[in-house]
1. Could you please find all residues in segment 35-62 being surrounded by 15 or more Cβ atoms within 10 Å (Cβ to Cβ), over 20 Å from ILE131 (Cβ atoms) and polar (S, T, N, Q)?
2. Quick check: anything in segment 22-34 over 15 Å from LEU134 (Cα atoms), within 16 Å of the ligand (Cβ to nearest atom), surrounded by fewer than 14 Cβ atoms within 10 Å (Cβ to Cβ) and at pLDDT 95 or above?
3. Filter segment 65-83 down to residues that are closer than 23 Å to ARG136 by Cα and more than 12 Å from the ligand (Cβ to nearest atom) and give me whichever is surrounded by the fewest Cβ atoms within 10 Å (Cβ to Cβ).
4. In segment 84-131, how many are β-branched (Val, Ile, Thr) and modelled with pLDDT of 95 or more?
5. Exactly one of (1) touching a Ser or Thr at 6+ places or on another chain (Cβ under 8 Å); (2) within 22 Å of ILE131 (Cβ to Cβ) is unmet by GLU85. Its number?
6. Go through (1) away from the ligand (no atom under 13 Å from the Cβ); (2) modelled with pLDDT under 95 and name the single condition SER62 misses.
7. Give the residues of segment 84-100 that are within 14 Å of the ligand (Cβ to nearest atom) and surrounded by fewer than 17 Cβ atoms within 10 Å (Cβ to Cβ), sorted by residue number.
8. I want to confirm something. Restricting to segment 49-59 and keeping residues that are farther than 20 Å from ALA126 by Cβ and more than 10 Å from the chain's Cα centre (by Cα), which single residue is nearest to the ligand (Cβ to nearest atom)?
Amino acid sequence: MSTSKYPDAAERTKTLEHRGNAKRKRILIVEDNQIGLKLLSQLLRVHGYETLDTTKGLEAISLARDYRPDLILMDIRLPDISGLEVTRLLKQDHQTKCIPIIAVTAFAMLGDEAKALESGCDAYIAKPVIIANLLRTVDSFLSPLPPIGSAVMPSGEVEPGSAGSPSLSPSQ
Ligand code: MN
């Protein structure tokens, strides 16, 4: 028998492989604070997403074109160009205009959210980022892989009440 001496560990590995084989959603993180960038990236990777990142607004545009992320987290205050301007450019480009953009900014001043939405951002998160908040917002745009052990819905069947609700998790 070739079973592992550590069946739990083997099971865990198999599960991780399974999750790894499913197509991961890719998130581009644009954040000029290196520590903040690293934390966001680690958090999203642990949560099952693939990440790309940059500290520069202009680089975000070429990364978005080249790698077609499924979502962009956009810091607004960047050293080279405003995240709002980057968003406008991305939303004018037919190659990138469909990518949802979540604005992230410390300037939680009145009118900021409106400005972000005017520039084409699809959602807005204020800093300091509350993790549960961030994940819920990200998950509302991208369905993460189903939790381990959950049943797959037969195709064509829609879970009642799941369509288009802006979604707080049902456990709340
Ligand atoms: Mn910044």
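The values are calculated or read from the model by the stated rules, or taken from the named source; none is laboratory data. Quick caveat: nothing in here was measured; it's all calculated off a predicted structure. No Cβ is skipped: glycine too gets one built from the backbone with ideal geometry, and neighbour counts run over all protein chains shown.
1. Scanning segment 35-62 gives THR54, THR55.
2. Looking for residues that are over 15 Å from LEU134 (Cα atoms), within 16 Å of the ligand (Cβ to nearest atom), surrounded by fewer than 14 Cβ atoms within 10 Å (Cβ to Cβ) and at pLDDT 95 or above, one finds at least one in segment 22-34, hence yes.
3. ARG68
4. 6
5. Only one criterion in (1) touching a Ser or Thr at 6+ places or on another chain (Cβ under 8 Å); (2) within 22 Å of ILE131 (Cβ to Cβ) is unmet by GLU85, namely (2).
6. Failed condition: (2).
7. Answer for segment 84-100, where residues must be within 14 Å of the ligand (Cβ to nearest atom) and surrounded by fewer than 17 Cβ atoms within 10 Å (Cβ to Cβ): just GLU85.
8. Keep residues of segment 49-59 that are farther than 20 Å from ALA126 by Cβ, which gives 49-56, 58-59.
Now restrict to residues that are more than 10 Å from the chain's Cα centre (by Cα): 52-56, 58-59.
Numbers: LEU52: 17, ASP53: 13, THR54: 12, THR55: 9, LYS56: 11, LEU58: 14, GLU59: 14 Å.
The selected residue is THR55.
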